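The values are calculated or read from the model by the stated rules, or taken from the named source; none is laboratory data. Owing to the predicted nature of the structure, the values given are computational and were not obtained by experimental measurement. When we count neighbours, we look across all protein chains shown, and the Cβ atoms used for this are built from the backbone with ideal geometry, even at glycine.
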Amino acid sequence: MTSPQDEIAPSSTGWRFKAGIGILSLTVLAWLLVPLAAAADVPGPKIAALTGILFISNKILLILAIAVMGKSGFQQLKRSVFGYVSTLAPTEQEVGPARHRVGLVMFCLPLISSFLEPYVDTLWPGLRPNLWQVQALGDAMLVGSFFVLGGNFWDKVRALFIRTARVVNVSAV
């Protein structure tokens, strides 16, 4: 017995999926610039600026990779990387209002905090603890939000990049 989630759409193995994997690989490989810059005796403030740019650009590139891959491509990646976890994410059923709110907080909080970090550090030096564990938690929270928000979230994200997309409220129909 197979579900629609188990089937891989033909478009998910094409150029969009490969481009999404390339973007995700770029986010990981870009971090190699930091130790290379340190080895090349680049001044500390420039390395700090590079780190900040990489931190924020990784969030943007993650969303871009998801948009490029599309729903079927990201589900294929999810199945291959996370295995059994993909069965926990609902595909077509609506999530409840509380789960939706929690998912939105999990999605927005890491993005907003990574955007505000440079300003907080400039205005109040030493206020924010500079722990990599907190930053890793933010990344995990962002990825986890995709599972909490459910399968219909991918349609909503994809619609952001389609100029002619329309909002359809199925409960009003």
Return a yes/no flag: does segment 109-127 have any residue that is in contact (Cβ under 8 Å) with a residue 12 or more places away in the chain, among the aliphatic types (A, V, I, L, M), surrounded by 16 or more Cβ atoms within 10 Å (Cβ to Cβ) and part of a helix (DSSP H, G or I). yes
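Of all residues being out of contact with any Phe, Trp or Tyr (no Cβ under 8 Å at 6 or more places or on another chain) and assigned to a helix (DSSP H, G or I) in segment 128-140, which is modelled with the lowest pLDDT? Just the residue, please.
At the first step, the residues of segment 128-140 found to be out of contact with any Phe, Trp or Tyr (no Cβ under 8 Å at 6 or more places or on another chain) are 128-134, 136-140.
From what is left, the residues that are assigned to a helix (DSSP H, G or I) are 132-134, 136-140.
Values: TRP132: 80, GLN133: 85, VAL134: 83, ALA136: 89, LEU137: 90, GLY138: 89, ASP139: 90, ALA140: 93.
Result: TRP132.
For segment 87-105, which positions are modelled with pLDDT of 80 or more and not in a helix (DSSP H, G or I)?
Initial filter on segment 87-105 (modelled with pLDDT of 80 or more): 96-105.
Correct list: GLY96 only.
Hey, among LEU32, LEU26, LEU54, which residue is closer than 28 Å to ILE162 by Cβ and at pLDDT 90 or above? Show your work before the answer.
Numbers: LEU32 fails: closer than 28 Å to ILE162 by Cβ; LEU54 fails: closer than 28 Å to ILE162 by Cβ.
One residue alone meets the criteria, LEU26.
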